[in-house]
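Enquirer: Pasting in a structure now, in structure tokens, and then I'll have a few things to ask.
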Amino acid sequence: MIELNYECVGKVMNVLAKNKDAFFNYAIEKQIEAGIVLTGQEVKSAKGGNVSLKGAHVTIHGNEAYLTNAHISPYKYAGELPNYDPTRSRKLLLKKSEISGLIGKSKQQGMAVVPLELYTKQGLIKVKLGIGRGKKRYDKREAIKKREQEREIKRAIRGKK
């Protein structure tokens, strides 16, 4: 007999895109969830997995936050789309207090706001933003060494079994 947990139905998060470079290039201190303004064909394309957050960042103009340089490919079944720019700036939906916090953090030396992942939540597309400090070159080398050591340990464990 199959049991369904009705509490989690409709709350399933489906990750559409991840920004792996963000965790390598920045030490993420805080994460914020934001909505994003998309056109209809961009929503269909994003849900199809045609999104790249590589090189994307958050810019603030006035009292509004924008996701810049995120690439959402045109939906292939939408037909001809005149003047469509896949890397256009897209408005982020945040509260005023969250935007003022982002402004304060981004003005600090070495701090940046970057998108970490794009996902669906209850049918809506959300962006997880990370506020982080840029890593130095030696920090990145330490991360690579640590990752290589973990791989060697896993290989050794697999070899013994």
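The values are calculated or read from the model by the stated rules, or taken from the named source; none is laboratory data. None of the values given here were measured: they were computed from a predicted structure. Here the Cβ is made from the backbone with ideal geometry for all residues, glycine too, and neighbour counts use every protein chain on show.
Enquirer: Which pairs do you get when a residue that is in contact (Cβ under 8 Å) with a residue 40 or more places away in the chain, found in region 140-161, comes within reach of a residue that is part of a helix (DSSP H, G or I), reach meaning Cβ atoms under 8 angstrom, with the pair 6+ apart or on two chains?
Expert: LYS140/PHE24; LYS140/ASN25; ALA143/PHE24
Enquirer: Moving on. Which fully enclosed strands (runs of 3 or more DSSP E) of region 56-129 have 3 or more residues being of a type outside the set (D, E, K, R) and within 19 Å of LEU38 (Cβ to Cβ)? Lay out the reasoning, then the answer.
Expert: Working: elements: 57-61, 64-68, 90-93, 111-121.
Fully inside region 56-129 and qualifying: 57-61, 64-68, 111-121.
Enquirer: Please identify the pairs in which a residue from region 83-102 that is closer than 19 Å to GLY49 by Cα has its Cβ atom under 7 Å from the Cβ atom of a residue that is assigned to a loop (DSSP other than H, G, I, E, B) and of a type outside the set (A, V, I, L, M), counting only partners at least 6 apart or on another chain.
Expert: What qualifies is TYR84/PRO74; PRO86/SER73; PRO86/PRO74; THR87/ASN69.
Enquirer: So which residues in region 1-51 are surrounded by 12 or more Cβ atoms within 10 Å (Cβ to Cβ), assigned to a strand (DSSP E or B) and modelled with pLDDT of 85 or more, if there are any at all?
Expert: Scanning region 1-51 gives LEU16, ALA17, LYS18, ILE28, LYS30, GLN31, ILE32, GLU33, ALA34, GLY35, ILE36, VAL51.
Enquirer: Which residues, counting only those in region 102-111, are farther than 14 Å from ASN63 by Cβ and either polar (S, T, N, Q) or crowded, with 16+ Cβ neighbours inside 10 Å (or both)?
Expert: LYS105, GLN108, GLN109, MET111
Enquirer: Taking LEU93 and the conditions (1) surrounded by 13 or more Cβ atoms within 10 Å (Cβ to Cβ); (2) under 25 Å from PHE24 (Cβ atoms); (3) modelled with pLDDT of 90 or more, which numbered condition does it fall short on, given that it satisfies the others?
Expert: (2)
Enquirer: Is there any pair linking a residue in region 13-37 that is acidic (Asp, Glu) to one that is surrounded by fewer than 16 Cβ atoms within 10 Å (Cβ to Cβ), with Cβ under 7 Å and at least six apart or on different chains, and which?
Expert: ASP21/LYS54
Enquirer: Picking from ILE125, ILE157, ILE99, ILE131, which residue would you name as being surrounded by fewer than 14 Cβ atoms within 10 Å (Cβ to Cβ) and out of contact with any Gly (no Cβ under 6 Å at 6 or more places or on another chain)?
Expert: Values: ILE125 fails: surrounded by fewer than 14 Cβ atoms within 10 Å (Cβ to Cβ); ILE99 fails: surrounded by fewer than 14 Cβ atoms within 10 Å (Cβ to Cβ); ILE131 fails: surrounded by fewer than 14 Cβ atoms within 10 Å (Cβ to Cβ).
None of the other options fit; the residue is ILE157.
Enquirer: Return a yes/no flag: does region 106-113 have any residue that is in contact with a strand residue (DSSP E or B) (Cβ under 8 Å, 6 or more places away or on another chain) and farther than 30 Å from GLU42 by Cα. Spell out how you get there, then give the answer.
Expert: Let us first name the residues in region 106-113 that are in contact with a strand residue (DSSP E or B) (Cβ under 8 Å, 6 or more places away or on another chain), namely 106, 110-113.
When the remaining residues are screened for being farther than 30 Å from GLU42 by Cα, the result is 110.
Yes, region 106-113 contains at least one residue that is in contact with a strand residue (DSSP E or B) (Cβ under 8 Å, 6 or more places away or on another chain) and farther than 30 Å from GLU42 by Cα.
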